[in-house]
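Working notes for the structure below.
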Amino acid sequence: MTSETPVVHTVVKVGGGLLAKAGAFELVIEALTAFRAGRRLLVLPGGGPFADAVRQMFKRIKIGEDAAHWMAVLGMDQYAHALAARLPDAALVDGDGAIAAALQANRLPVLAPYRWLRAADPLPHSWEVTSDSIAAWLAGRLGARRIVLLKPAHAGPNKLVDAYFLRTLPHGVEHLIVTADDLGQLDVALREDPPPDQHTRGGRHTRGGRGGRRAG
């Protein structure tokens, strides 16, 4: 799906860390509901508490990075079910054909990524790879023009995205961060016309960084 007019314009990663910030999940649901109309979006879940549980197992019972990688991706599937249950007109999808069908039916696709990622296996099985990098890979596969990362709050300059994100990001794809404290800017971040400048108050280009939670 790399035609001049892509089926998906923007991949929106809903960070799992939002579940740990009081009220943030509800605000994100409200903002996505308000601003999705007429836009070609794909929602990708982070890992959040599901990936955190895998991290604890990795440390305690030495399951190895291969098992931890796939368990964390399965955690993203769990979060996808929660998002699809709460977003109006959402469709839980697991591949590009289902994404296109959902958008054609004017529904909001929410990706449970395990099946697609297991078949393609495109990324290292490493703690440097989180759902940020998965979003970048998906943007390339779908020919998307932009990635919007919804996060609880801006971290320090070295922790905006995972360490592998910029290596995975396709050339020419915009990447912006919108925080739970500034979701009014999501409307600007999701627009499909070229922005007048490259920075917005609530969503800004990232500069890369070093690791964080897997499938964060």
Exercise. Once the other residues with Cβ under 13 Å from the Cβ of Arg107 are scored (Lys, Arg +1; Asp, Glu -1), what is the net sum?
Worked result: +2
For this session: Can you tell me the order of 74-80, 128-134 when each peptide is scored by its average per-residue count of other Cβ atoms within 10 angstrom, highest first?
Result: 128-134, 74-80
For this session: Go ahead and run the numbers for FRET between Thr33 and Asp121, Cβ-Cβ distance against an R0 of 35 Å, rounding to 0.05.
Result: 0.55
Problem set entry | Cut-off 10 Å between beta-carbons: net charge of the residues surrounding His9, Lys and Arg +1, Asp and Glu -1 | +4
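Using r as the Cβ-Cβ distance of Glu192 and Arg86, and R0 as 25 Å, what FRET efficiency do you calculate, to the nearest 0.05?
E between Glu192 and Arg86, to the nearest 0.05, is 0.55.
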For this session: For Arg141 paired with Gln104, estimate the spin-label separation in nm (one decimal), with each label point 7 Å from Cα along the Cα-to-Cβ line.
Result: 1.9 nm
Problem set entry | Relative contact order (percent, whole number), region 64-143, Cα cutoff 8 Å, 6+ residue spacing | 31 percent
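Throughout, read-outs are computed from the coordinates displayed, never taken from laboratory work. If you're wondering where the values come from, they're calculated on a predicted model, not measured in any experiment. Cβ coordinates were reconstructed from backbone atoms using ideal geometry, including for glycine residues, and neighbour counts include every protein chain displayed.
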